[in-house]
Protein chains: 2
Amino acid sequence: MPHIKVIVTLKPTLLDAQGRVVQNALHSLGYEDVTQVRIGKYMELTVSDDAASDPAALDTTVREMCDKLLVNPVIENYTFEVME
Amino acid sequence: MPHIKVIVTLKPTLLDAQGRVVQNALHSLGYEDVTQVRIGKYMELTVSDDAASDPAALDTTVREMCDKLLVNPVIENYTFEVME
């Protein structure tokens, strides 16, 4: 069945506190070369073959799902990719 | 500066409770075609140009960081990709 990979990231201008904590932890483990860490979300949606028969409609549906539920457009960006 | 995109996913055999909740929410919004949702983490690490000069060493370092801190190998899998 086709699935869709959605990546949600915090907008670049916003401070990523969680990322900063991970970066500090990496530094204290000796990985000083890491200059920035940004943390996001990854979602994999599986859809029925039916829904994937019309790629343009599927594209619209995924955008709708992101805008309505999966993503907070005020602070987050998203990209997605449909895999067969 | 080069950055590394790390995707961490729950192992396929494990129940993804958070994904199930999101799936139910999508269903109640009318997106009945979504048959499964799995939630993972996405991390973007930026490293110094120095660290990226040797791709093989960078690869090893990223694996180490994942195994030591970023990923719980008992319940999670990961993939990563180095971007210029």
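Every number here is computed from the coordinates shown, using simple stated rules; none is lab data. Keep in mind the model is a prediction, meaning the values are calculated, not measured. A quick note on method: Cβ atoms are made from the backbone with ideal geometry, for glycine too, and the neighbour counts reach across all protein chains shown.
Within segment A:6-15, restricting attention to residues that are in a strand (DSSP E or B) and either in contact with a Phe, Trp or Tyr (Cβ under 6 Å, 6 or more places away or on another chain) or of a type in the set (Lys, Arg) (or both), the residue that is nearest to the other protein chains (Cβ to nearest Cβ) is A:Ile7.
In segment B:67-79, the qualifying residues are those that are touching a residue at least 40 places away in the same chain (Cβ under 8 Å) and surrounded by fewer than 18 Cβ atoms within 10 Å (Cβ to Cβ), and the one that is farthest from the other protein chains (Cβ to nearest Cβ) is B:Ile75. Does A:Leu26 qualify as being of a type outside the set (Val, Ile, Thr), closer than 20 Å to B:Tyr78 by Cα, assigned to a helix (DSSP H, G or I) and out of contact with any Cys (no Cβ under 6 Å at 6 or more places or on another chain)? Judged against the criteria, A:Leu26 is a match. When segment A:19-48 is filtered for residues that are touching a strand residue (DSSP E or B) at 6+ places or on another chain (Cβ under 6 Å) and among the aliphatic types (A, V, I, L, M), the ones remaining, listed by number, are A:Val22, A:Leu26, A:Val34, A:Val37, A:Ile39, A:Met43, A:Leu45, A:Val47. When segment B:29-66 is filtered for residues that are facing chain A (nearest Cβ under 7 Å) and in a loop (DSSP other than H, G, I, E, B), the ones remaining, listed by number, are B:Leu29, B:Tyr31, B:Asp33, B:Ser48. Here B:Thr46 does not qualify as free of Cβ contacts under 8 Å to residues at least 24 places away in the same chain, over 17 Å from A:Ile4 (Cβ atoms) and either surrounded by 13 or more Cβ atoms within 10 Å (Cβ to Cβ) or of a type in the set (Val, Ile, Thr) (or both). Here B:Gln18 does not fit the description of being at the interface with another protein chain (Cβ under 8 Å from one of its Cβ atoms) and without any contact (Cβ under 8 Å) to a residue 24 or more places away in the chain.
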